[in-house]
Amino acid sequence: MEKQRQTQLLDGKAVAATMKAEIAAEVEKIKAKGGKTPHLAAILVGHDGGSETYVASKVRTCEEVGFKSSLIRYESDVTEEELLRKVMELNNDDDVDGFIVQLPLPKHIAEQKIIEAIDYRKDVDGFHPINVGRMSIGLPCFVSATPAGILELLKRYEIDTKGKHCVVLGRSNIVGKPMASLMMQKAYPGDCTVTVCHSRSENLKEMCLQADIIIAALGVPEFVKADMVKDGVVIVDVGTTRVPSDATKSGYKLTGDVKFSEVAPKCSFITPVPGGVGPMTIISLMRNTLLAGKKEIYK
Ligand code: GUN
């Protein structure tokens with residue numbers, strides 16, 4: 001009989017709770033010394049279900065760690081001009097340490113134009129080309145929250161990354177590209193040999209079978225199956241697709257990019273969905289806001 005592998009969960013929910021307590025303690029200290037309360041503002045356009053949930057969660061977490069937060073809402077017919085005006089206003093508001101514009105935006109608004117209008121020193125999402133560029137050459141910057149959260153999770157579980165083959169599935173600007181860049185940098189976590197696969201890759205399964213670490217960010221529910229991974233692999237599942245379900249009150253079930261039930265037994269470590277990457281993303285945004293408040297990255 002083959003020995004049953006012990007799979008360990010990368011418990012993002014638990015790590016995020018620890019980090020939340022660490023950030024809250026630091027905020028307490030800042031306030032006790034008469035320092036400024038960190039302030040995060042969020043712009044939300046329209047009523048997309050996912051965006052509503054994420055932004056509500058960000059605002060709630062701000063309260064929990066002792067930050068000030070501002071939620072600025074627009075209907076989906078808001079003009080690009082009006083949005084740009086608000087971005088400028090927040091850029092110039094000394095009380096606001098960092099702000100985000102929740103994506104996606106309605107089609108009539110040029111997302112990239114909005115992102116580039118944000119002062120990079122307040123860009124706690126790390127989406128501005130200055131932050132992306134600085135990240136890619138290893139300079140201090142705001143690293144976008146999902147990749148930053150994944151790195152922190154790998155670090156806190158002391159996952160060995162040096163010299164390992166990391167396969168990133170997906171090439172989005174928010175996750176795939178920065179993740180690949182970070183996993184190859186000369187650092188810990190990092191020092192990986194990185195392969196990026198995407199919807200056009202012809203040999204995706206063969207690549208996955210060679211991976212020591214898989215970061216799945218395709219947005220295709222249960223795409224990664226047991227026959228695509230080798231024994232002992234570390235898997236980080238970034239997928240959060242809302243799949244209709246009768247079993248939940250909300251009427252949908254958050255589903256990852258990995259078919260967890262069949263893949264998990266082959267893994268040394270794997271993130272659950274929900275409770276893996278999601279909580280790490282939100283807490284990483286909080287950490288970026290704290291860094292912005294302390295002017296730790298940019299004076
Ligand atoms: N939409 C999906 N993820 C994100 C994120 O991390 N930040 C923003 N602003 N929008 C998103």
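The values are calculated or read from the model by the stated rules, or taken from the named source; none is laboratory data. Worth saying up front: this structure is predicted, and the values here are computed from it rather than measured. Glycine gets a Cβ as well: all are built from the backbone with ideal geometry, and neighbour counts include every protein chain shown. The protein model used for the area step is the full one, side chains on, heavy atoms only, and it has no ligands, DNA or RNA in it. Shrake-Rupley method; radii C 1.70, N 1.55, O 1.52, S 1.80 Å.
A few notes on this one:
- Amide H contacts for VAL196 (H built 1.01 Å from N in the peptide plane; partners 5 or more residues away or on another chain; cut-off under 5 Å): VAL168.
- This model, with +1 at the C-beta of Lys and Arg and -1 at the C-beta of Asp and Glu, gives the range 18-75 a dipole about its Cα centre of some 340 debye.
- Scanning residues 5 or more positions from GLN8 or on other chains, those with amide H under 5 Å from its amide H are PHE269, ILE270, with H placed 1.01 Å from N in the peptide plane.
- Charging the Cβ of each Asp and Glu at -1 and of each Lys and Arg at +1, and nothing else, the dipole of the chain about its Cα centre rounds to 640 debye.
- Prolate/oblate/rounded call for the chain, Cα gyration tensor, a/c under 1.5 rounded: prolate
- VAL87 accessible area, 1.4 Å probe, all protein chains in place, Å² to nearest 10: 0 Å²
- Taking only protein heavy atoms and a 1.4 Å probe, the accessible area of the range 109-167 is 52% carbon and sulfur.
- Measuring r between the beta carbons of HIS165 and LYS253 and using R0 = 41 Å, the FRET efficiency lands at 0.85.
- With a simple spin-label model that places each label point 7 Å from the Cα along the Cα-to-Cβ direction, the separation between ASN173 and THR37 comes to 3.4 nm.
- Solvent-accessible area per residue, Å², over the range 137-203 with all protein chains present [probe radius 1.4 Å]: 48 Å²
- Folded to 0 to 90 degrees: helix 277-293 orientation relative to the chain principal axis, Cα: 40 degrees
- Entries in LYS13/LYS230; LYS177/LYS205; LYS33/LYS86 that, when Cα-Cα distance is taken, lie over 28 Å: LYS33/LYS86
- Between ASP227 and GLU64, residue separation times 0.36 nm minus the direct Cα-Cα distance comes to 54.5 nm.
- Here the range 146-289 is assigned +1 on the Cβ of each Lys and Arg and -1 on the Cβ of each Asp and Glu. Its dipole about the Cα centre then comes out at about 340 debye.
- The region of the chain that goes longest without hitting one of the GluC sites (Glu not before Pro) in a DSSP loop, each with at most 15 other Cβ atoms within 10 Å, is 203-295.
- For the range 185-205, backbone nitrogen atoms closer than 18 Å to the point 7 Å from ILE137 Cα along Cα-to-C-beta are found at 185-187.
- One chain, two ends: LEU103 and GLU28. Fully extended at 0.36 nm per residue, the span grows by 23.9 nm beyond their Cα-Cα distance.
- Once the Cα atoms are used to define both axes, helix 49-65 deviates from the longest principal axis of the chain by about 70 degrees.
- Length gained when the stretch GLU158-GLU262 is fully extended (0.36 nm per residue, less Cα-Cα span): 35.0 nm
- Amide proton proximity set for HIS165, modelled H, under 5 Å, gap of 5+: THR193, ASP212, ILE213
- For THR281, THR18, the ranking by accessible surface with the largest value first comes to THR18, THR281, using a 1.4 Å probe.
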